[in-house]
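The values are calculated or read from the model by the stated rules, or taken from the named source; none is laboratory data. Quick caveat: nothing in here was measured; it's all calculated off a predicted structure. Every residue, glycine among them, receives a Cβ derived from its backbone with ideal geometry; neighbour counts consider all protein chains shown. Heavy atoms of the whole protein, side chains included, go into the accessibility calculation; ligands, DNA and RNA do not. Shrake-Rupley method; radii C 1.70, N 1.55, O 1.52, S 1.80 Å.
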Amino acid sequence: MNLLIMGPAGAGKGTMSEKITEKYGIPHISSGDMFRAEIAGKTELGLKAQEYMVKGELVPDEITIGMVSNRIQQPDCKNGYLLDGFPRTLPQAVALSELTEKLGIPLEAIVVLTVEYDSLMRRITGRRICPKCGAIYNIYSLPSKVDGICDVCGGTLKQRSDDTEEGLKERLAEFDRQTRPVLDHFADKGLTKEVNASQPIEKVWEDVQKALEEFQ
Ligand code: AMP
């Protein structure tokens, strides 16, 4: 299936994406992860993206569209893909529709995760990530056994630099300003299904699967 997962920062897109890609055997294309990999590799693209990411702002469309367009043309996307965090602006949505239609792999379904503000704040400010193995913890709801140390590999847990109260506020404002119109655009085409992501993870996953089955 050709899928997109949407929702504000902290809605649990990463967690659900992992489950979806495992179940459907499709690649997970997260624009945020791609930018973070570029930053870690100190590439020119990464350095540019970083200027915006630290402020919680969106990276300009021409940079983002170029990066994701290259990725989606790779052979592993021929049998389906899961986009996460892209498109976030109307020009990105238009570019994606044009490219995927040309490639014969148009978007088929969009899962929209919704969560209330207070719960987002706890998820974001409490989030800790293991840079070595990618495991994700939360100091409030899913702490590691030893404070600051990954249960899986023993790595030192890190907080993303934009996972702060200010960072979240800015990202949510960007979501309302730029991404809400994208959601409306896809909803008009009948491609979206909302899932209440304030529920326990297993229940959210059950509802995501139900939503996807309705599209199949
Ligand atoms: P995420 O990991 O999806 O929360 O993204 C982290 C940051 O990367 C965002 O706050 C933006 O600065 C940048 N970013 C990720 N995806 C996009 C996109 N589609 N368009 C513009 N900026 C993006």
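In the range 115-216, which chymotrypsin sites (Phe, Trp or Tyr not before Pro) are in a loop and have at most 11 other Cβ atoms within 10 Å, using DSSP for the loop call?
In loop regions of the range 115-216 (DSSP not H, G, I, E or B), the sparsely surrounded chymotrypsin sites (Phe, Trp or Tyr not before Pro) are Y140.
Here the peptides 4-11, 74-81 are ranked by packing, the mean other Cβ count within 10 Å, and the order with the highest first is 4-11, 74-81. Dipole check for the chain: with +1 at the C-beta of Lys and Arg, -1 at the C-beta of Asp and Glu, and the Cα centre as origin, the magnitude is about 500 Debye. What the Cβ-Cβ distance of L142 and R180 gives, at R0 = 45 Å and to the nearest 0.05, is a FRET efficiency of 0.95.
Counting 0.36 nm for each residue step from A173 to E214 and taking away their Cα separation leaves a gain of 11.6 nm. Within the range 110-216, the GluC sites (Glu not before Pro) that combine a DSSP coil assignment with at most 14 other C-beta atoms in a 10 angstrom radius are E116.
The residues of the range 162-216 present an accessible area of 56 Å² per residue when probed at 1.4 Å with all protein chains retained. Between K78 and D188, the simple label model (points 7 Å from Cα in the Cβ direction) yields a spacing of 3.5 nm.
Residue pairs exceeding 25 angstrom between C-alpha atoms, taken from K13/K203; K23/K203; K19/K210; K48/K189; K23/K78; K23/K158: K48/K189; K23/K158. The Cα trace of the chain gives Rg and Dmax of 16.8, 50 Å, the first to one decimal, the second as a whole number.
Each label point was placed 7 Å from the Cα along the Cα-to-Cβ direction; for T43 and T164 their separation is 2.8 nm.
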